[in-house]
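Some notes on the structure that comes next.
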Amino acid sequence: MTPTGNPHAGTGRLDAQRRRCDLDALAADPRIDLLVIGGGVTGAGVALDAASRGLRTVLVESRDLAFGTSRWSSKLVHGGLRYLATGRLAVARESAVERGVLMTRTAPHLTRAMPQLVPLLPDLVGAGQAALIRAGFHAGDVLRRTAGTPAAVLPRVRRIDADRTRRLVPGVRTEGLRGALVAHDGQLVDDARLVVALARTAAQYGATVLTRVRAEEVTGTGARLVDTLTGEGLEIRAGAVINATGVWADQVDPSIRLRPSRGTHLLVDAAALGHPTAALTVPVPGSISRFVFALPQQLGRVAIGLTDEDAPGPVPDEPQPSDGELTFLLDTVNAALATALTRADVRGAYAGLRPLIDTGGGNTADISREHAVLESPNGVITVVGGKLTTYRRMAQDAVDKAVGLRGLPGRACWTARLPLIGAPGHRDSRPVEASGLPASLLARHGGLAHEVLAAGELEPIAEGLDVTRAEIVYAVTHEGALDASDVLDRRTRLGLVREDADRARKAVEEIVGELTEA
């Protein structure tokens with residue numbers, strides 16, 4: 001069911017006008033099939049799953065799309081190699097299957113194969129550890145094949161010589177270098193962009209997507225929704241309510257027990273590592289399953305991560321890395337570099353909290369990454385745990401639970417073969433080959449690059465940044481950005497490096513101001 005009088009109904013266009021029309025339509029008819037609380041990757045995935053089954057679906061997010069953990073990841077779409085090392089075969093297989101779905105059907109325009117290179121240095125990787133890593137890589141390749149992901153998408157495991165190693169990661173230490181072991185995994189151009197694509201695709205299938213709307217007095221049959229921009233409220237009645245708020249899940253459902261774990265990344269200029277085209281993968285001393293990665297990113301950066309630290313206490317809006325985590329990451333990655341990185345090389349840092357289910361004692365690194373779908377005493381269905389790669393399966397399980405428990409009239413899930421907006425095969429996508437558009441624009445928008453081009457000029461928003469003025473306009477007119485922070489921090493990711501954000505802020509604020517006043 002689409003809102004009457006909304007010019008964007010049935011499209012993937014999110015903007016302030018659509019938001020106002022959708023709120024008015026809900027006030028006129030507050031009966032829906034499914035209310036989804038939380039606008040991260042899981043909540044957006046739930047909204048798409050439900051809407052594509054024909055359910056009248058409303059997603060509410062008190063802040064912005066991808067405001068929480070979903071924007072603080074390593075941006076890896078990984079096949080679960082770490083879980084193999086610890087014997088969690090079911091989690092590893094699920095990761096491999098969902099990685100293949102993302103890279104071949106759902107969002108191939110936002111993903112690419114990333115070589116993961118372990119340098120064979122005598123004081124870093126001994127013969128025994130090299131054998132274990134090689135065995136793990138080959139086991140991961142078996143998972144790739146059983147998941148049905150072709151080698152054309154993710155190449156097979158191989159060993160390369162020292163010259164090839166230096167070409168892929170020019171900053172690697174060369175003394176004693178015997179080459180490297182290389183496996184491939186998936187990488188997103190941007191995690192927040194995946195969330196936006198999910199939300200926009202859900203909107204195309206009829207979902208109402210509302211940011212800056214808080215859910216209060218939540219029960220299994222509805223909630224009071226408050227527009228945080230105006231203070232206006234409305235009561236909504238739902239056939240089922242799904243709590244997909246991640247590390248804030250226990251605030252919606254007090255019966256949930258979480259044990260958040262903090263994962264931290266540093267950002268350095270790609271030039272500091274010689275502009276690598278592969279992820280440098282450095283074993284953490286004393287562990288057979290943990291590594292520190294130096295991951296090439298968009299905007300000319302390399303992200304170095306990540307940690308796994310207990311994060312007790314109140315959940316902050318934006319978690320902050322600890323000084324000890326910065327030291328740990330630099331010390332670990334420096335063991336493989338010819339020129340050590342220092343604090344002066346760090347251009348930015350970010351941390352995210354994993355919404356792990358509390359299973360008692362032990363290290364957070366040992367807590368299972370399996371997800372759970374739970375029903376609270378008041379009937380709210382909570383989906384929690386898991387990870388970005390498996391968002392689609394988490395969403396499917398949550399909607400299946402809601403349909404089964406509440407008798408909702410939903411069809412069977414088909415999101416495993418549903419291309420997101422911008423992906424090849426989507427009705428609005430256009431071929432990007434030989435388009436002549438900047439590679440950075442195509443990487444971020446795929447088959448919708450023509451819409452971005454029509455929105456404004458391809459002039460950079462600031463000198464030295466490959467984000468264009470057209471992308472700023474498009475973020476407001478099509479991607480649901482309501483203010484400059486939405487644009488800087490979640491649509492373009494310029495906010496990851498304060499210097500970049502500061503250079504772009506004035507122009508971004510001017511563009512957003514002109515569009516929101518129009």
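Quick check: anything in segment 47-67 open to solvent by 30 Å² or more (accessible area, probe 1.4 Å) and free of Cβ contacts under 8 Å to residues at least 12 places away in the same chain?
Checked against the condition, which is being open to solvent by 30 Å² or more (accessible area, probe 1.4 Å) and free of Cβ contacts under 8 Å to residues at least 12 places away in the same chain, segment 47-67 yields no hits at all.
If only one of Val508, Val512, Val487, Val473 is modelled with pLDDT of 95 or more and within 22 Å of the chain's Cα centre (by Cα), which one is it?
Val487
This table checks each residue for (1) surrounded by 18 or more Cβ atoms within 10 Å (Cβ to Cβ); (2) in a strand (DSSP E or B).
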| site | (1), (2) |
| --- | --- |
| Ile242 | yes, yes |
| Ala249 | yes, no |
| Gly263 | yes, yes |
| Thr277 | no, no |
| Pro285 | no, no |
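Quick one: which of Arg156, Arg178 is at pLDDT 95 or above, farther than 23 Å from Ala340 by Cα and open to solvent by 60 Å² or more (accessible area, probe 1.4 Å)? Talk me through it step by step, then tell me what you get.
Details: Arg178 fails: farther than 23 Å from Ala340 by Cα.
Only one candidate passes the filter, namely Arg156.
How about segment 105-123: which of its residues are of a type outside the set (D, E, K, R), farther than 18 Å from Ala423 by Cβ and open to solvent by 30 Å² or more (accessible area, probe 1.4 Å)?
Pro122
Looking at (1) in a helix (DSSP H, G or I); (2) crowded, with 17+ Cβ neighbours inside 10 Å, find the lone condition where Arg164 falls short.
Arg164 satisfies every listed condition except (2).
Do you know which residues across segment 306-342 are free of Cβ contacts under 8 Å to residues at least 12 places away in the same chain and assigned to a helix (DSSP H, G or I)?
Asp323, Gly324, Thr327, Asp331, Asn334
Within the set of pairs 6 or more residues apart or between chains, which connect a residue that is within 16 Å of Leu76 (Cβ to Cβ) inside segment 114-142 to a residue that is open to solvent by less than 40 Å² (accessible area, probe 1.4 Å) and in a helix (DSSP H, G or I) with Cβ atoms less than 6 Å apart?
Leu117/Leu168; Val118/Ile133
Restricting attention to segment 440-465, which residues are over 21 Å from the mean Cα position of the chain (by Cα), open to solvent by 20 Å² or more (accessible area, probe 1.4 Å) and either more than 23 Å from Thr11 (Cβ to Cβ) or of a type in the set (Phe, Trp, Tyr) (or both)?
Selection gives Glu457, Leu458, Glu459, Pro460, Glu463, Gly464.
Among the numbered conditions (1) in a strand (DSSP E or B); (2) open to solvent by 10 Å² or more (accessible area, probe 1.4 Å), tell me where Ala351 comes up short.
The failed condition is (2).
Do we find a residue being touching an Asp or Glu at 6+ places or on another chain (Cβ under 7 Å) and crowded, with 22+ Cβ neighbours inside 10 Å anywhere in segment 87-104?
Checked against the condition, which is being touching an Asp or Glu at 6+ places or on another chain (Cβ under 7 Å) and crowded, with 22+ Cβ neighbours inside 10 Å, segment 87-104 yields no hits at all.
Mind checking whether some residue in segment 183-195 is over 20 Å from Arg105 (Cα atoms), at pLDDT 95 or above, of a type in the set (Val, Ile, Thr) and not in a strand (DSSP E or B)? Step through it out loud before you land on a result.
Initial filter on segment 183-195 (over 20 Å from Arg105 (Cα atoms)): 183.
If we keep only those that are at pLDDT 95 or above too, we end up with 183.
Next, from what is left, pick out any that are of a type in the set (Val, Ile, Thr): none.
No: zero hits.
Please state which of the following conditions Leu356 fails to meet, knowing it meets all the rest: (1) under 20 Å from the mean Cα position of the chain (by Cα); (2) at pLDDT 95 or above.
(2)
Are any residues in segment 196-215 of a type in the set (Val, Ile, Thr) and either assigned to a strand (DSSP E or B) or open to solvent by 20 Å² or more (accessible area, probe 1.4 Å) (or both), and if so, which ones? Don't jump to the end; show me each part of the working.
Looking only at segment 196-215, we keep the residues that are of a type in the set (Val, Ile, Thr), and these are 196, 201, 208-209, 211, 213.
Scanning segment 196-215 gives Thr208, Val209, Thr211, Val213.
Please work out which one of (1) open to solvent by 10 Å² or more (accessible area, probe 1.4 Å); (2) at positive phi is the condition Ala484 fails and give its number.
So the condition that Ala484 fails would be (2).
Given Arg393, Arg347, which one is modelled with pLDDT of 95 or more and closer than 20 Å to Val97 by Cα?
Step by step, each of Arg393, Arg347 is checked, and only Arg393 is modelled with pLDDT of 95 or more and closer than 20 Å to Val97 by Cα.
Among what's in segment 93-141 and is of a type in the set (Asp, Glu) and assigned to a helix (DSSP H, G or I), pick the residue that is nearest to Arg164 (Cα to Cα).
Restricting attention to segment 93-141, the residues satisfying the condition of being of a type in the set (Asp, Glu) are 94, 98, 123, 141.
Checking which are assigned to a helix (DSSP H, G or I) leaves us with 94, 98, 141.
Details: Glu94: 32, Glu98: 31, Asp141: 21 Å.
Filtering first and then ranking leaves Asp141.
What pairs come out if I take residues in segment 424-437 that are under 11 Å from Pro108 (Cβ atoms) and among the β-branched types (Val, Ile, Thr) and pair them with residues that are at pLDDT 85 or above and open to solvent by 80 Å² or more (accessible area, probe 1.4 Å) whose C-beta lies under 6 Å away, six or more apart or interchain?
none
Would you call Val218 farther than 30 Å from Asp428 by Cα, part of a strand (DSSP E or B), β-branched (Val, Ile, Thr) and open to solvent by 10 Å² or more (accessible area, probe 1.4 Å)?
Spelling it out, Val218 is indeed farther than 30 Å from Asp428 by Cα, part of a strand (DSSP E or B), β-branched (Val, Ile, Thr) and open to solvent by 10 Å² or more (accessible area, probe 1.4 Å).
Of all residues in segment 297-329 being charged (D, E, K, R) and touching an Asp or Glu at 6+ places or on another chain (Cβ under 8 Å), which is surrounded by the fewest Cβ atoms within 10 Å (Cβ to Cβ)?
Glu309
The values are calculated or read from the model by the stated rules, or taken from the named source; none is laboratory data. This is a predicted model, so every value here is computed, not measured. Cβ coordinates were reconstructed from backbone atoms using ideal geometry, including for glycine residues, and neighbour counts include every protein chain displayed. When the accessible area is computed, the model is the full protein with side chains, heavy atoms only, and any ligands, DNA or RNA have been set aside. Shrake-Rupley method; radii C 1.70, N 1.55, O 1.52, S 1.80 Å.
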